[in-house]
Amino acid sequence: MRLSRYFLPVLKENPSEAQIVSHRYMLRAGMIKQSAAGIYSWLPLGFKVLKKIEGIVHEEQIRAGHVPMLMSTMQPADLWKESGRYDDYGQEMLRIKDRHDRDMLFGPTNEEMITDIFRAHVSSYKDLPLTLYQVQWKFRDEIRPRFGVMRGREFYMKDGYNFDLTKEDALHAYNRHLVSYLRTYERMGLQAIPMRADGGPIGGDYTHEFLVLAETGESEVFYDSAVTDLTFGDREIDYDSVEQCQGVLEEFTTKYARTDETHDEALFNEIPEDRRRTARGIEVGQIFYFGTKYSESMGAKVQTADGEVPVHMGSHGIGVSRLLGAIIEANHDDNGIIWPEGVTPFHCGIVNLKQGDEAADAACESLEKALAAVGLEALYDDRKERAGGKFATMDLIGLPWRITVGPRGLKNGVVELTSRRSGESEELTPEAAVAKLVEIYADHRTPQGF
Ligand code: ATP
Ligand code: MG
């Protein structure tokens, strides 16, 4: 993609409304534009990252055996009256009347709607287990939308729902989700620590939140520093194996890690003092097992040899749009964003030091083509601008790798490959630079972006 043909409205000045670094950089890098408090349009660069994150979520959900679908954003109030949550949910629910004076709402979550779909089509235990999920816009009329996409009113969420015959099966689904979420966040270059949480309005005895440690996080967290040494890595796991999923859950949740809602000072004090940590975290996901709460109130039952029984359910959410903010909070410096390879909008930038120079222009064009041929997407800064300005833009938008091309290097047959994270550069032939990027991205295959 040539920058001159792209739409990247970068801002020179710091926007005064942004209080935290991720919000500031998302606005400055031309990723989002606010349309009303807590509601954003996603400009091309922001949209690209959003779709990469969504793509990783889909790949990992499908790998775990979960089935994608898409539910409507608008829901009839009747479903929520059935479950009893219409009145309980309070002012966060955006309630709308249609032209026939029917009560509607913009979905803040979908337990009722999925239960309605389930009961309409599933009646036998033979159809279980089943886990359905979607990635869809939600609306919660938050009292204080802030920090950009971190706490929006309209936000993008992966929400999944499992239906199982027994509590045991549903707990396997719970464990499977925990494992798949660990993998999902790691692929995005994040460490998200599962912490014992509180059920809130969704309810349930089993629930974990996933938190990314960051100073600007809204939650206060308490943990044993040993949890930060745990990584899932590239281990193979059989999602059907109860023992394997249970094993991973135990490995990642046995050490103390809790949010302020469930914090237990006495238990915390049992951790050796040098490992006790208090910090702040960003909630990027949550999983629940809530038993038969919705299936009983809404009649989601299956026929078994012993008669009709309500199904056991759980729900699971990932804050897809919030993740952009969380990733930036965890990956930036004073010059801008530093995207992890797994979610970067473009795999590398190409900076032409002398636009208009025949050799430099030709080299940049052939580099862009060579990268495309191996499935790597470059953003080629072909503007007639000073090199300093081009570097500043590349640093701000955070592409992890930059190839700098200039007439002087080309005389010696080389270009420069620079890491955004370390700042280190190396001179290579264009072919070697492409080969190096292929190697780097071999471990970070993301779904093709837009
Ligand atoms: P919070 O405690 O931050 O208000 P929640 O616990 O109400 O979130 P869930 O119902 O667990 O949220 O939703 C699943 C995920 O969706 C959360 O873990 C979070 O990452 C994301 N999310 C929730 N509310 C928002 C919001 N207002 N803006 C952006 N993302 C959100
Ligand atoms: Mg939550």
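Listed values, structure above:
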item	result
For the stretch 348-441, accessible area per residue (1.4 Å probe, heavy atoms of protein chains only), Å²	46 Å²
The chain, relative contact order in percent, only Cα pairs under 8 angstrom and at least six apart counted	17 percent
Extension gain from residue 71 to residue 14, taking 0.36 nm per residue of separation minus the Cα-Cα distance	16.7 nm
At q = 0.08, 0.11, 0.12 Å⁻¹, base-10 log of I(q)/I(0) for the chain (Debye sum, equal scatterers on each alpha carbon)	-0.52, -0.92, -1.06
Accessible surface of the stretch 317-450, 1.4 Å probe, proportion on carbon and sulfur as whole %	49 percent
In sequence order, calculated HN-Hα J values of the stretch 295-303 (Karplus, 6.51, -1.76, 1.60; Hz; x Gly/Pro)	5, 6, 5, 10, x, 8, 10, 10, 7
Where trypsin sites (Lys or Arg not before Pro) fall in DSSP loop in the stretch 48-131, at most 15 other Cβ within 10 Å	99, 102
In range of the label at residue 362: residues from the stretch 406-438 whose backbone nitrogen is under 19 Å from the point 7 Å along Cα→Cβ	406-416, 429-432
Estimated FRET transfer efficiency (residue 269, residue 78; beta-carbon r; R0 60 Å; 0.05)	0.75
In order through the stretch 416-430: 3J(HN,Hα) via Karplus (6.51 cos²θ - 1.76 cosθ + 1.60), integer Hz, x for Gly, Pro	10, 10, 10, 8, 5, 6, 8, x, 6, 10, 9, 8, 9, 5, x
Simple Cβ-charge dipole of the stretch 31-330, Lys/Arg +1 and Asp/Glu -1, about Cα centre, in debye nearest 20	1300 debye
222 nm mean residue ellipticity, helices alone, for the chain (DSSP H n ≥ 4; -39,500 (n - 2.57); rounded to 500)	-10000 deg cm²/dmol
Calculated FRET efficiency for the pair residue 62/residue 243, C-beta based, R₀ 30 Å, to 0.05	0.85
Rg/Rg_ref, the stretch 98-197, where Rg_ref = 2.2 N^0.38 Å and atoms are Cα	1.34
Distance violations [Cα-Cα > 24 Å] among 158/390; 12/138; 81/167; 52/126; 97/138	158/390; 12/138; 81/167; 52/126
Positive-end residue, the chain charge dipole about Cα centroid, Cβ charges, pick of 195, 16, 330	16
Ordering of 14-27, 254-267 by burial proxy (mean other Cβ atoms within 10 Å per residue, highest first)	14-27, 254-267
Per residue value of the accessible surface for the stretch 180-324 (all protein chains in place, 1.4 Å probe), Å²	44 Å²
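The values are calculated or read from the model by the stated rules, or taken from the named source; none is laboratory data. Computed from a predicted structure; not experimentally measured. When we count neighbours, we look across all protein chains shown, and the Cβ atoms used for this are built from the backbone with ideal geometry, even at glycine. Each accessible area value is taken on the protein alone, full model and side chains, heavy atoms only, with ligands, DNA and RNA left out. Shrake-Rupley method; radii C 1.70, N 1.55, O 1.52, S 1.80 Å.
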